[in-house]
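Structure first, commentary second.
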Amino acid sequence: MIHMKKYLINRKCEYDGVPFTIHADSDIEYGIKLANKINAIKSGDYLVANSTMTLNQWAKQCIPDYKPKQKASTRKKYENHYKNCVGQFIGTYKLRDIKQMHCQRVLNKRADKSQYEINQAYQIMNFLFTHAVENQLIIRNPMIGTVKPTGSKTSRRALTDMERQAAESIFNKTDKYRLFELMLYCGCRPDEAAECKGMDIIDINGYNFLHIRGTKTAKANRKVPIPYDLYGRINDTDPWAYIAANISGKKRSETSRRRLWESFKYDMNKELGAREISKEKLCKDKKKRTFRQLVGILPLADDLVPYCFRHTYCTDLLKKGLDVRTAQALMGHADIKMTARYTHVDDDILITAAEIISPKKCTDVQEKAQG
C-alpha cells in the first residue's frame, strides 16, 4: 500500500478568480509554491486542476509545484525522463481515464531497458498520481499493484589491468581526457568532474586535495586527496578555469561528455591494437575530406562505460587498506551499502588478505613437510 505524504500546511487559495490548493512543510516552501502558482496564472500556463486534465497538463503543473528546489539542470533531466519514459505513451490520456493496465503497459515497454530506466518510469508515474490523489483529482493511484519488469542487468565494473594501462598511456599523451582522469584518480562523478575548477585544488596540512562540490547526496560535497602525478598535471589551472574544460575553455555539457567518451573509446581501441585507415568522403559542400576509421574486430569491451573509472577508484581504496567508512566519505555516498556495491574484490585483494591471515604460503608448508 502506498501512503500519501501529510503536509504541515494545506491552504486553499485563490488568485484572479482561479482557486487552487497549496501543500507545504514550511512557510518558506508555502511562499515559493504560492509565488509559482500566481506567476503561472498570470502567464496563462496554469489550468484549473481537475480529472479532465491530460497527464501532460498535470505533469506541467505538478513537477514545478512539488519539486520547487530542483536545480535547472536536474529539472530538465527529470522532464526529459517524463517525456521519454511516460509522456510519449500516456501523456495525452485524461487523468480520470488512466487505469492500472495503462501504467503496466508503460513499464512493460521499458522491459528491455536498464533497471535505472524502469525505476525512472515507475517513480515518475507514482509521483504524479500520488499528488493527483492528494489534490482529489482522482480517487485511486493507478500505480498500485503494478509490477516492475526485471530489465537488463548491466553491472558496472572496475577496469581490467589491460584497460587501465591503455587509459593511463593515453592520459600521458594528451590532456583532452582530463575529465576521466578526475574520475579515475579522485572518484568524481562525470558531472562533478565537469564542475571542478582550479580554485578547488586546495592544501590541507601540506597535502593536496580536490574539493568536489557534489550535490547528488548530502555527503557529495567532499574533499579527496589528489595523487602526486595528477597534481603535477593540473596544479597550474587558473582558479576560475575548469580543470576538464572543453576546447573553448568552457564547462563540458552532458552532450559534450558523451562525445568525449566516444572519442576516448576510439583512442582506447587504437591503443589496444585496432587498425586505423584513412578514408575520403564527399561532403555536402562537394568537397572531399579525409576521415579516420577503425576496421576489423575492436578490442575494447562493450561494457566499458565512464563509471568504470569511479568503480576502479573505489576498488583502489580497498586495495590500499582504507576502511569502507573512509571510502564512503571519499566517494560521496549517502549509504554505505552503495560503497560496498562499488568495490570489486580481485586476486590482488585476496592475496593481500591471505598474507595477513596466513603469512606463510602453502608452498612453504609443503617444502617444510617434504624436508
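The values are calculated or read from the model by the stated rules, or taken from the named source; none is laboratory data. As the structure is a prediction and not an experimental result, all values here were calculated from the model. Glycine also receives a Cβ, built like all others from the backbone with ideal geometry; neighbour counts cover every protein chain displayed. We work out accessible area using only protein heavy atoms, side chains counted, and drop any ligands, DNA or RNA first. Shrake-Rupley method; radii C 1.70, N 1.55, O 1.52, S 1.80 Å.
Values computed for the structure shown
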| read-out | value |
| --- | --- |
| Unique match (being open to solvent by 60 Å² or more (accessible area, probe 1.4 Å), part of a helix (DSSP H, G or I), of a type in the set (S, T, N, Q) and free of Cβ contacts under 8 Å to residues at least 60 places away in the same chain) among Q104, Q165, Q136, Q120 | Q165 |
| Count of segment 328-339 residues which are at pLDDT 85 or above and either exposed (fewer than 11 other Cβ atoms within 10 Å of the Cβ) or not polar (S, T, N, Q) (or both) | 4 |
| Residues (within 15 Å of L184 (Cα to Cα) and of a type in the set (A, V, I, L, M)) located in segment 277-329 | L304, V305, L317, L318, A327 |
| Residues located in segment 182-221, provided they are assigned to a strand (DSSP E or B), open to solvent by 70 Å² or more (accessible area, probe 1.4 Å) and without any contact (Cβ under 8 Å) to a residue 40 or more places away in the chain | D203, Y207, R213 |
| Candidates L159, L179 - the one that is assigned to a loop (DSSP other than H, G, I, E, B), within 24 Å of P299 (Cα to Cα) and in contact with a helix residue (DSSP H, G or I) (Cβ under 7 Å, 6 or more places away or on another chain) | L159 |
| Failed criterion for R11 (all others in (1) surrounded by 18 or more Cβ atoms within 10 Å (Cβ to Cβ); (2) of a type outside the set (A, V, I, L, M, F, W, C); (3) more than 30 Å from the chain's Cα centre (by Cα) hold) | (1) |
| Extreme residue, most open to solvent (accessible area, probe 1.4 Å), among residues of segment 230-245 that are assigned to a loop (DSSP other than H, G, I, E, B) and either more than 22 Å from G187 (Cβ to Cβ) or of a type in the set (A, V, I, L, M) (or both) | W240 |
| Positions within segment 134-191 being at pLDDT 90 or above, within 30 Å of A244 (Cα to Cα) and in contact with a strand residue (DSSP E or B) (Cβ under 8 Å, 6 or more places away or on another chain), in sequence order | L182, C186, G187, C188 |
| Any hit, segment 328-345, residues being part of a loop (DSSP other than H, G, I, E, B) and in contact with a His (Cβ under 7 Å, 6 or more places away or on another chain) | yes |
| Meets criteria (on the phi < 0 side of the Ramachandran plot and more than 22 Å from the chain's Cα centre (by Cα)) for M183 | no |
| Contacts under 6 angstrom Cβ, first residue in segment 10-37 being in a helix (DSSP H, G or I), partner among the aliphatic types (A, V, I, L, M), 6 or more apart | Y30/I9; Y30/I22; Y30/A24; K33/I22; K33/A24; L34/I22 |
| Breaking point among (1) aromatic (F, W, Y); (2) over 29 Å from K76 (Cα atoms); (3) under 21 Å from the mean Cα position of the chain (by Cα), for F291 | (3) |
| Matching option when the condition is of a type outside the set (G, A, S), within 25 Å of E79 (Cβ to Cβ) and in contact with a Cys (Cβ under 6 Å, 6 or more places away or on another chain), among H102, H131 | H131 |
| Residue count, segment 105-136 (criterion: touching a Lys or Arg at 6+ places or on another chain (Cβ under 8 Å) and of a type in the set (A, V, I, L, M)) | 4 |
| Residue identified as in contact (Cβ under 8 Å) with a residue 24 or more places away in the chain and closer than 30 Å to Y30 by Cα among T52, T74 | T52 |
| Selection count, segment 66-86, where residues are open to solvent by less than 60 Å² (accessible area, probe 1.4 Å) and either aromatic (F, W, Y) or modelled with pLDDT of 85 or more (or both) | 8 |
| Residues within segment 246-274 that are hydrophobic (A, V, I, L, M, F, W, C) and either under 16 Å from E168 (Cβ atoms) or open to solvent by 40 Å² or more (accessible area, probe 1.4 Å) (or both), tallied | 4 |
| Whichever residue in segment 285-313 is open to solvent by less than 40 Å² (accessible area, probe 1.4 Å) and in contact with a strand residue (DSSP E or B) (Cβ under 7 Å, 6 or more places away or on another chain) and, among such residues, is nearest to L182 (Cα to Cα) | L294 |
| Hits in segment 171-181 - residues which are of a type outside the set (S, T, N, Q) and open to solvent by 10 Å² or more (accessible area, probe 1.4 Å) | K173, D175, K176, R178 |
